[in-house]
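Working notes, structure below.
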Amino acid sequence: EDKARVVILATGGTIAGAGASVANSATYQAAKVPVDKLIAGVPELKNLADVRGDQVFQIASESFTNEHLITLGKRVAALARQADVDGIVITHGTDTLEETAYFLNLVLKTDKPVVVVGSMRPGTAMSADGMLNLYNAVAVAATKDAAGKGVLVTMNDEIHTGRDVSKTVNIKTEAFKSPWGPLGMIVEGKTYWFRAPAKRHTTGTEFDIDKLDKLAPVDIAYGYGNATPTAYKAFAEGGARALIHAGTGNGSVSGAVVPALQELRGKGVQIIRSSRVVGGGFVLRNAEQPDDKYDWVVAHDLNPQKARILASVALTKTSDAKELQRMFMEY
Ligand SMILES: NC(=O)CC[C@H](N)C(=O)O
């Protein structure tokens, strides 16, 4: 049988990291090892697919800008259109991997498997996880079973939807979790599936990376009991079209901040209530705050960083809070 042709797009991160000694699992330099060396380090990839590498960036993912997202998205889209490409793997730092995966899940117009992968330990460390994570990512990208499931993330033997997955702990290798569970598992290069994504993605969305050259500016301000309006006002003055409130509990807003957010909404800034709760916030409309009355939006179950991604994409299409709310419920 013909082997699937998989392209590995490398962007940096710990999976391309190198430390001074094998004992350095947490102290090392990210984004050092070029993609061809990563591929050469896992000769068994050949058993899964015909792989070739392409170095897009070599950066730590905390420095991923909106421009990096657009550039990467267009590169993936162009590859996905090629008849000689069956699947795409993206190696990425884990710090903002969840944002990139969700962004691609929203804007790519392809059914071909697209898999984002990283590692928690550099390849130079004892029990480095990058080799197996990469092997698993290629296994997923090479299987037709992964087609049409949106952008996927493979970490720690699990297959997650890029929409749900989030980094929940640093240091440990079991870092990536989805509040609603993984989609499946990879064992010895074979995939096993248990569920499918319920939200609109890739070919089912109203967003298209080929028509997207710029994202809307959106910032995140953190909620806490003693919070003041300072950060919100500064972000708005800096040009933010939406503010993600990383709210306490059910996206609640401290009394000292509420009037400032009402005022900013009056000036046209979108106010989006998300939750800072780790492992699965769920913000209900008109609970805690009267969203209908204030014309605010709730992020539903999206964490603040994922809410920023959706708002940045959605605001290229609409300036209406009701439309924005529809999108937050559908994506
Ligand atoms: N484990 C990692 O990949 C973290 C390394 C780095 N901070 C990054 O996100 O690129």
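The values are calculated or read from the model by the stated rules, or taken from the named source; none is laboratory data. Being a predicted model, the structure only gives us computed values, none of them experimental. Backbone-built Cβ (ideal geometry, glycine too); neighbour counts: all protein chains shown.
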Listed by range, helices (runs of 4 or more DSSP H) wholly within region 1-109 having at least 1 residues that are at pLDDT 95 or above, acidic (Asp, Glu) and within 28 Å of Ser312 (Cβ to Cβ) are 66-81, 97-107
Which residue is farthest from the ligand (Cβ to nearest atom), if the candidates are limited to region 110-131 and must be outside any loop (DSSP other than H, G, I, E, B) and farther than 30 Å from Glu330 by Cα?
Met131
Looking at (1) crowded, with 19+ Cβ neighbours inside 10 Å; (2) within 30 Å of Val42 (Cβ to Cβ); (3) touching a strand residue (DSSP E or B) at 6+ places or on another chain (Cβ under 9 Å); (4) aliphatic (A, V, I, L, M), find the lone condition where Ile209 falls short.
(3)
Mind counting the residues in region 158-182 that are part of a loop (DSSP other than H, G, I, E, B), more than 23 Å from Ser275 (Cβ to Cβ) and away from the ligand (no atom under 13 Å from the Cβ)?
0
Among the residues listed as Arg200, Arg195, the single one being under 30 Å from Met131 (Cβ atoms), outside the structural domain of Ala311 (by TED's automatic domain parsing) and of a type in the set (Lys, Arg)
Arg195
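Working carefully through the options Asp36, Asp84, Asp50, find the one that is assigned by TED's automatic domain parsing to the domain that holds Val151, surrounded by fewer than 19 Cβ atoms within 10 Å (Cβ to Cβ), away from the ligand (no atom under 15 Å from the Cβ) and without any contact (Cβ under 8 Å) to a residue 24 or more places away in the chain. Don't jump to the end; show me each part of the working.
Working: Asp84 fails: without any contact (Cβ under 8 Å) to a residue 24 or more places away in the chain; Asp50 fails: without any contact (Cβ under 8 Å) to a residue 24 or more places away in the chain.
Asp36 is the lone residue from the list that is assigned by TED's automatic domain parsing to the domain that holds Val151, surrounded by fewer than 19 Cβ atoms within 10 Å (Cβ to Cβ), away from the ligand (no atom under 15 Å from the Cβ) and without any contact (Cβ under 8 Å) to a residue 24 or more places away in the chain.
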With the condition kept exactly as written, say whether any residue in region 212-219 is within 16 Å of the ligand (Cβ to nearest atom), part of a strand (DSSP E or B) and touching a residue at least 60 places away in the same chain (Cβ under 8 Å).
no
(1) in contact with a helix residue (DSSP H, G or I) (Cβ under 9 Å, 6 or more places away or on another chain); (2) assigned to a loop (DSSP other than H, G, I, E, B); (3) of a type outside the set (A, V, I, L, M); (4) modelled with pLDDT of 95 or more: which one isn't true of Gly239, the others all being true?
(1)
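To keep it simple, each residue is scored yes or no on (1) within 18 Å of Leu108 (Cα to Cα); (2) out of contact with any helix residue (DSSP H, G or I) (no Cβ under 6 Å at 6 or more places or on another chain); (3) touching a residue at least 60 places away in the same chain (Cβ under 8 Å).
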{"residue": "Val140", "(1), (2), (3)": "yes, no, no"}
{"residue": "Ala146", "(1), (2), (3)": "yes, no, no"}
{"residue": "Thr154", "(1), (2), (3)": "no, no, no"}
{"residue": "Val169", "(1), (2), (3)": "no, yes, no"}
{"residue": "Gly181", "(1), (2), (3)": "no, yes, no"}
{"residue": "Val187", "(1), (2), (3)": "no, yes, no"}
Search result, residues across region 57-81 that are within 16 Å of the ligand (Cβ to nearest atom), in contact (Cβ under 8 Å) with a residue 24 or more places away in the chain and among the small types (Gly, Ala, Ser):
Ala60, Ser61
Among the candidates Leu134, Leu152, single out the residue that is within 22 Å of Ala31 (Cβ to Cβ) and either within 14 Å of the ligand (Cβ to nearest atom) or modelled with pLDDT of 95 or more (or both).
Leu134
